[in-house]
Structure formats: C-alpha cells, structure tokens
1. By the 4.7 Å beta carbon criterion, which cysteine residues of the chain come out unpaired?
2. Test of the criteria: in region 266-374, which chymotrypsin sites (Phe, Trp or Tyr not before Pro) are in a DSSP loop and have at most 13 other Cβ atoms within 10 angstrom of their Cβ?
3. Taking the Cβ-Cβ separation of ASP195 and ASP218 as r and a Förster radius of 35 Å, what is the calculated FRET efficiency to the nearest 0.05?
4. Can you list the trypsin sites (Lys or Arg not before Pro) in region 340-374 that are in a DSSP coil and have 10 or fewer other beta carbons within 10 angstrom?
5. Grab the Cα-Cα distance for ASP247 and ILE287, subtract it from 0.36 nm times how many residues apart they are, and report the gain in nm with one decimal.
6. Please identify every one of the trypsin sites (Lys or Arg not before Pro) in region 109-200 that sits in a loop by DSSP and has no more than 12 other beta carbons within 10 Å of its own beta carbon.
7. What is the calculated FRET efficiency for ALA257 to GLN364, with r their C-beta to C-beta distance and R₀ = 30 Å, to the nearest 0.05?
8. Within the chain, which is the longest segment containing none of the GluC sites (Glu not before Pro) that sit in a DSSP loop and have at most 11 other Cβ atoms within 10 Å?
Amino acid sequence: MTETVVTLATDADENVRAVPVVLRPAHHGARSPQRLHVARSEMPNEGPLVDTFGRIHTDLRISVTDRCNFRCTYCMPDEGIEFAPTSDLLTLEEITRAAKVAKQLGVRSVRLTGGEPLVRKGIVDIVAAIAEIGFDDVAMTTNGTSLTRLAPSLASAGLRRVNVSCDSLRPDRFAAIRRRGQLAMTLAAMDAAEDAGLLPLKINVVLLTGENDDEVYDLVEFGREKNRFVRFIEFMPLDADGNWQRDRVIAGADVLAMLEERYDLVALDGGGDDHAPATRFAFSDGIGEVGFINSVTEPFCGTCDRLRLMADGSIRNCLFSDDELSLRDVMRSKGSDDQLEQVFRASVWGKLPGHAINDPSFLQPRRSMSRIGG
Ligand code: SAM
Ligand code: SF4
C-alpha cells in the first residue's frame, strides 16, 4: 500500500496538536481516522479538507431533494411540512460543479440521499454526472420508491450500491412507522436493486422502543437468508415532530448483546466500507453481516470524515450543527471554483469535536433529518 506522510503545520506553534499521520489512499479502517498535523489558528489553503482536530474529510453526502413520498415518524411530520421552492434547490449543473470541487479537495466517496433521492426529477442524470467525476464509490440511501423501475438505469449510470430503509417486516407496522408506502414495494425494490447489480445491498433499520424492537432476530435472519446486510441505526433527535426521547432509543450495544446470545459474531474492521461509521460483525458460519450505527450511545465523532451538501446548496459539517455555509450563493453570484473551495474548507475548519446529544444543554437542530440528508 502506498503511504504518504503529510504535515500541514511545520512551525513550533504551541497550538499545534496531533502527530503527523500516514495517509492511506484506500481502505483505512472505519475506526482509524486519518489525521493531519494542524495549527489551530490557520486554515490551510491547500491539501485535503482538514478540521482543527486534524480529521480529514473524504466522504460527502449529497442531498438532492428535501421532498419525500413517505412520512416516517422518526423523520418527517405527517402533515404540514414546507418544502423549499424548486428554484432554491441546486440544479444538476450546480451539484456536479460542487462535487467536482469536492473531488479536487480529496473527497473519495459520495452518497446521494434526501428526502427521497428517487423522487428528484433527473436523478439518473445526476448519478451519471457524479459517477463521471471518478469517485471511488457512489452510493445511495433510498426508501426504494421507483427502484423497481429505475435500478437498471441507475446502475448503468454508475451507481455502485444502495441502502434501502426498511424498519419492519410486518406490513401493518411498516405502514405505521413509515406512514406511506407498502412493505411489498420495498421488498420488491430490494430484489430489483440486486438484479441490477447494486451490491452489497444494505437494509437500514431504525429501532424504536415498543414499536419494532421485537423484530431484531427476524430482520437479521431475513438479511442472512437473502445475503443483505442489516444496519441498525439508533434513533437520533432529528425528527420533525420533536418526539425524540432517550427512552425511545434502542442502544446498539443491547441489540448486539441479544444477537450474541444466538450467534457467534466476528468483529470486522472498516474493510471495503471505508467511511462507514458502522461497527460491523460477520457471523462465524460465514453467512451475512450486521452493522450498528450507534450515533447516540457511542458517538463516533472522533473518527468522523463526513461532510454534507444539502439540497439547497448549504454545506453542513455535522448532522447536529446548525452552522451552514452556502455554496449555492457563491455559484449564483458567479463565484469561482477557488471561492467554492474556500467555502468547503471553512465549513470543515469550523467543525466541533463532537455532537452534544448527551449534554443536558443539547438543543435539537433546526432542520430535521429529511431536510439535511441522512
Ligand atoms: N428517504 C431515504 C430513506 O429513507 O432511506 C433517504 C433519506 S433518509 C433521511 C436516510 C436514512 O436516515 C434512512 O435510513 C432513515 O431511516 C434514517 N433516519 C431518518 N430519520 C432518522 C432519525 N431521526 N434517527 C435515525 N435515523 C433516521
Ligand atoms: Fe422520507 Fe427517508 Fe425521511 Fe422516511 S426517512 S420520511 S423515507 S426521507
């Protein structure tokens, strides 16, 4: 493996922290953050996207719309959400331009999300334009709507893989949690994605106390049977209804303990899933994999390499930070790529060490999940 030592700050400034690191161009473990040697006071004008804690950002989530055809209880309100006017959303050309600048700054993987990315008009063209830029990975998180129709075109356009969200295998519960859509359609979407070669297929599951937490084994067995990787995501305080409560969160550690009663699990490192915050386990019989995204009970902020471009062109350095900078405004006022680069750099430079969900003073962010892009 090629290794490059990068040192940004070379002076003997007392504020300099972290040791110079080895940058591995590919396949660093999910729990092995890349770090740079940085001076707190100076935002670098070259090199990768680094924050004041030395974390290098190589993963970009692009939300292509704030609209969605579902109304999941943990995400959107049932009624009354106001969507951004279409004119506020980045165009295909603007998304592509922003992604190209991000690539020049060292971003290696892109995940398209929303809202529901597949309700965005021209989504196949967006995928094609992003894929053409040459990222190591182009993935999508979707509720599966339209996937039975679009999967082949998305794969031909360069999409590599998808995560399909599905919180229950019981039709009535699925309907109660997601409020729109049908389980059968989501299951058909998974089949279509696999038929189109969008692999490995991952299933995102948000567990909610008393609602679907008795389906852990069923979901895991379903995943093992179909060779789909289940990801249990802790419920985060990003629901539009503001109904998040700690006792509604099922801790990933508890789910893991349950699974360990029944299965022999083997911890995996980052493997090919370089930037995933998930803690991953294989089953010792070689069938399947399960992952945990324990954002609430075991924050992984120290290893976060993620940046978000929202549908309206704002850059956000953390799901839980309301600090945003607009790339759209720079682009629409005829700003240069150098100026866009500075906006990316400034956003990353302003990143805090971690979210404060577990702090008593925590306030739920202004935007809910569908308006940020999960
Ligand atoms: N609409 C697509 C979907 O549902 O897959 C993509 C966008 S959605 C915001 C991305 C992911 O965020 C989904 O897997 C969803 O389950 C998850 N999500 C939404 N709200 C959440 C919350 N409050 N806590 C944890 N995960 C959440
Ligand atoms: Fe829509 Fe996805 Fe949010 Fe559900 S989780 S309301 S499908 S954006």
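1. If one checks each Cβ against the other cysteines of the chain, CYS68, CYS166, CYS301, CYS304, CYS318 turn up with nothing under 4.7 Å.
2. In loop regions of region 266-374 (DSSP not H, G, I, E or B), the sparsely surrounded chymotrypsin sites (Phe, Trp or Tyr not before Pro) are PHE362.
3. Between ASP195 and ASP218 the formula returns 0.90.
4. Those that pass, being in a loop and sparsely packed, are ARG366.
5. Length gained between ASP247 and ILE287: 11.2 nm.
6. Passing sites in region 109-200 are LYS121.
7. Working from the Cβ atoms, E equals 0.55.
8. My reading of the result: 83-374 is the longest stretch.
Bear in mind these aren't lab numbers, they're just calculated from the coordinates by the rules spelled out. These numbers were taken from a predicted model, which means no experiment stands behind them. Glycine gets a Cβ as well: all are built from the backbone with ideal geometry, and neighbour counts include every protein chain shown.
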